[in-house]
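Report on one structure; see the data block that follows.
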Amino acid sequence: MNADTEIDDLLRATAKGDRAAFRLLYDRVSPKLFGIALKICRDRPTAEDVLQEVFTDVWRKARNFDPKKGEAGAWLAVITRNRSVDALRRKGRGIIGATTGSEADLAAVADPSLSGDGGVDYLTLIDCLNRLDERQRNLILRAYYRGDTREELSSAFDAPVNTIKTWLRRGLAALKTCLDE
Amino acid sequence: MGKKRDLDAAERALGTLPRKGESARARREREAWEIRLAALLRPVEPVNPPPGMFARISEHLAHTKTREALLQTRRSARRWKGIASIAGLGIVGLSLALIAPRFAPEAEAPRYVAIVTADEGGAPGMIVQFDTGTGIATVVPVLSDAPDGNVYQMWHVPAGASVPVSLGLLPDDPRRVDVKTGPGDLFGISIEPPGGSPTGLPTDARWHGEIIEVE
């Protein structure tokens, strides 16, 4: 049984109210999800709150998982990323300082040699991101990992909001074209 | 799909456009982008959450579930009371009349009752009644055999508590149970594997009912 099949099975059992499966699922995926929450929130108490929200969601909405749309691990990671961004926005950037970090960590993400083994999907996505111009790539990565709004990107990149919108959408369109090749 | 719609979906996935109010189709399109971009999370290093985190999550879930069940049973209780006032004979009174001859000694002290009903459909699963004068609590089961060889287990959540306490398996016939109860308490029934809950907490709780005072 591979790891994703195991997580799929645990999610399906959790959807039926199986607490033992829910506990096993927690043991299996919580370190990864906590890592994601910490990376985005950059604040341990906030990341712990996010993890609690994520597993509350999982217990209540596990039946919404559809394996035809993607792997269980990706579904859980997306919930965690979205909850983390919501938490950042709720708490305010000033407290957590999510907009004040260096660009180095973003650059590191886009460099597979620095980011370990992320699998084929990851390498394909990074390859496509690396074909974008640097500004478009950084806009997308910053919005993804830091949850920046168009207005926050406008301030960070010192460009009008409409220009940010144009750059962002050009970048996303080019990314889609590359991924579909 | 049009290019604008696809880029809107991508921006909602990124969070640079709001997700609120999207249609079912728009949600599916956004989710496709979310899964596409989720590869960016693959290289993130795992970090062990603090010890006690799972207990915190379990407690939060029990509290949330109890609160939801309480809200639902309050609505249900209001509905029963409404029916009672129209009919002149309350369902609560009727339930007590049915069980009183054998199980409720004559008493002037306040009496409490919980009609434990299915979360889906509202069919009764059991009736709990408590006489504060005698201190006797009685359970009248309505459900019979649980499906697939499983068993029914009874639970009590005292007012203000968040963790259910087992009252044992649902009996076949009316019987006394060792519990003292009052306003705000919640009772429930769960479906459990043979022998009862393996964890000490309800596995699949599907019936709930709040204690109300019988006038």
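Every number here is computed from the coordinates shown, using simple stated rules; none is lab data. Nothing here was measured: the structure is a model prediction, and the numbers come from that model. Cβ sites come from the backbone with ideal geometry, for glycine too, and all protein chains shown count toward neighbours.
Given A:K68/B:K3; A:K68/B:K4; A:K32/B:K4; A:K91/B:K4; A:K32/A:K91; A:K39/A:K61, which pairs have Cα atoms separated by over 28 Å? Can you show the working numbers first?
Working: A:K68/B:K3 24 Å; A:K68/B:K4 25 Å; A:K32/B:K4 34 Å; A:K91/B:K4 32 Å; A:K32/A:K91 23 Å; A:K39/A:K61 24 Å.
As for pairs spanning more than 28 Å Cα to Cα, those are A:K32/B:K4; A:K91/B:K4.
Let a ≥ b ≥ c be the square roots of the eigenvalues of the Cα gyration tensor of the stretch A:55-95; is it rounded (a/c under 1.5), or, if not, prolate (a/b larger than b/c) or oblate? Before the final figure, lay out the partial values.
Numbers: a/c = 4.09, a/b = 2.24, b/c = 1.83.
In terms of gyration-tensor shape, prolate.
³J(HN,Hα) across the stretch A:48-61 via Karplus (A = 6.51, B = -1.76, C = 1.60, θ = phi - 60°), whole Hz, x for Gly/Pro?
In residue order, the calculated couplings are 5, 4, 4, 4, 5, 5, 4, 6, 5, 4, 4, 4, 8, 10 Hz.
By count of other Cβ within 10 Å, fewest leading, how are B:S58, A:S154 ordered?
Values: B:S58 20, A:S154 17.
Starting with the residue having the fewest Cβ neighbours, the order is A:S154, B:S58.
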